[in-house]
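Have a look at the structure below, then the notes.
The values are calculated or read from the model by the stated rules, or taken from the named source; none is laboratory data. Given the structure is predicted, the values throughout are model-derived calculations rather than measurements. With ideal geometry, Cβ positions are generated from the backbone for all residues, glycine too; neighbour counts draw on all protein chains shown.
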Amino acid sequence: MSDLTDRTALVTGASRGIGRAIAMRLAKDGAAVIAHFGADEEGAKATVEQIRHRGGTAFAVEARLGVDGDTEKLFAGVEAVLAGRPLDLLVNNAAAPPAGPIGTTTREEFDHLFAVNVRAPYFIVQRALPLLRDGGRIVTISSVATRMANPAQTSFAMTKGAVETMSRTLAAELGARGITVNAVAPGATRTATNAALFEAPGLTELITAATALGRLGAPEDVADVVAFLVSDAGRWVTGQVIDATGGLFLGPRA
């Protein structure tokens, strides 16, 4: 029997990239997956179809995050899928990308980043708690940007630092219910969406030379870490930020 059989997971931003990989991995482990998407309906349908093709159970739910009424719309769809059953696993993966260095970021871009990357996951957790069973799991995707200085990602790193703090404080609060709360921080991860970025001359070589394990990350690398944290094997890990970068910028390599 799969580890997550009879569990239901909500994965935000599951239409592509790391979110899709997480949804597919949790489904492989037996969970019924609610795959949230904001705008990429075709991508979400593809995620659901791939899961179902492999014998899993999945549903797509749409809600644009970072706008008024986003949480209410999301959970109207979630509760329709649950049909009175509890939610077992919540993975906050959806996020807006970096807006640029401090010299060019506009107030509107800054506010959008915080609306999607901080406000949305905070109120998604708030709304999910009455549905989440005791012993459930919450995982939020952070970023290596919180531990390494990248001037092009200052505001983005600030948002990810916020959700790491949220995870630690919620872990302390929700431990009484047996709910674990953690964050996973990916590094340079090649996806279908950002593959062109790594075609810049010398970039891949630069990153891999600074990575202990000597390669770029793949979405499945991150998904496997999430799968561990939400499994029974991860029951004693809470309030942590798990680095899932392959050892990016740990120090000089011999």
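Look at Thr5 and say whether it is touching a residue at least 24 places away in the same chain (Cβ under 8 Å), closer than 28 Å to Ala149 by Cα, assigned to a loop (DSSP other than H, G, I, E, B) and among the polar types (S, T, N, Q).
Working: touching a residue at least 24 places away in the same chain (Cβ under 8 Å): yes; closer than 28 Å to Ala149 by Cα: no; assigned to a loop (DSSP other than H, G, I, E, B): yes; among the polar types (S, T, N, Q): yes.
Spelling it out, it is not the case that Thr5 is touching a residue at least 24 places away in the same chain (Cβ under 8 Å), closer than 28 Å to Ala149 by Cα, assigned to a loop (DSSP other than H, G, I, E, B) and among the polar types (S, T, N, Q).
Could you run through the stretch 8-61 and say how many residues are in contact with a His (Cβ under 7 Å, 6 or more places away or on another chain) and under 17 Å from Ala96 (Cα atoms)? Full working, then the answer.
We begin by selecting, within the stretch 8-61, every residue in contact with a His (Cβ under 7 Å, 6 or more places away or on another chain); these are 10-14, 61.
Subsequent filtering for residues that are under 17 Å from Ala96 (Cα atoms) retains 11-14.
Residues that pass the stated criteria total 4.
Do the conditions hold for Thr169, that is, is it under 27 Å from Leu4 (Cα atoms) and either among the acidic types (Asp, Glu) or free of Cβ contacts under 8 Å to residues at least 12 places away in the same chain (or both)? Walk me through it before giving the result.
Details: under 27 Å from Leu4 (Cα atoms): yes; either among the acidic types (Asp, Glu) or free of Cβ contacts under 8 Å to residues at least 12 places away in the same chain (or both): yes.
Here the answer is yes, as Thr169 does meet what is asked.
Taking the stretch 139-180 only, how many residues are outside any helix (DSSP H, G or I), surrounded by 21 or more Cβ atoms within 10 Å (Cβ to Cβ) and of a type in the set (Gly, Ala, Ser)?
2
What are the residue pairs meeting all of these: first residue in the stretch 148-164, first residue under 8 Å from Pro98 (Cα atoms), second residue among the charged types (D, E, K, R) and surrounded by fewer than 17 Cβ atoms within 10 Å (Cβ to Cβ), Cβ atoms under 8 Å, and 6 or more apart or on different chains?
Correct list of pairs: Ser155/Glu109.
Are any residues in the stretch 101-138 in a helix (DSSP H, G or I) and among the small types (Gly, Ala, Ser), and if so, which ones? Please lay out each step first, then the result.
Going through the stretch 101-138, the residues in a helix (DSSP H, G or I) turn out to be 107-128.
Within the stretch 101-138, Ala115, Ala120, Ala128 qualify.
Contact list please: Cβ distance under 7 Å, first residue in the stretch 51-76 and over 16 Å from Ile22 (Cα atoms), second residue of a type in the set (D, E, K, R) and in a loop (DSSP other than H, G, I, E, B), pairs at least six apart or on different chains.
Asp70/Arg64
Could you grab me the full set of residues in the stretch 1-16 that are farther than 15 Å from Thr140 by Cα and either of a type in the set (Asp, Glu) or under 17 Å from the mean Cα position of the chain (by Cα) (or both)? Before the answer, list the steps.
Taking the stretch 1-16 as the starting set, the residues that turn out to be farther than 15 Å from Thr140 by Cα are 1-8, 15-16.
Correct list: Asp3, Asp6, Thr8, Ser15, Arg16.
If Gly30 satisfies all but one of (1) surrounded by fewer than 20 Cβ atoms within 10 Å (Cβ to Cβ); (2) touching a helix residue (DSSP H, G or I) at 6+ places or on another chain (Cβ under 9 Å), what's the number of the condition it fails?
(2)
Would the stretch 171-182 turn up any residue that is of a type in the set (Ser, Thr, Tyr), under 20 Å from Arg20 (Cα atoms) and out of contact with any Leu (no Cβ under 6 Å at 6 or more places or on another chain)?
Residues of the stretch 171-182 that are of a type in the set (Ser, Thr, Tyr), as a first pass: 180.
When the remaining residues are screened for being under 20 Å from Arg20 (Cα atoms), the result is none.
Checked against the condition, which is being of a type in the set (Ser, Thr, Tyr), under 20 Å from Arg20 (Cα atoms) and out of contact with any Leu (no Cβ under 6 Å at 6 or more places or on another chain), the stretch 171-182 yields no hits at all.
Out of (1) touching a Phe, Trp or Tyr at 6+ places or on another chain (Cβ under 7 Å); (2) at pLDDT below 95; (3) part of a helix (DSSP H, G or I), the odd one out for Pro98 is which?
In the conditions (1) touching a Phe, Trp or Tyr at 6+ places or on another chain (Cβ under 7 Å); (2) at pLDDT below 95; (3) part of a helix (DSSP H, G or I), Pro98 misses (3) alone.
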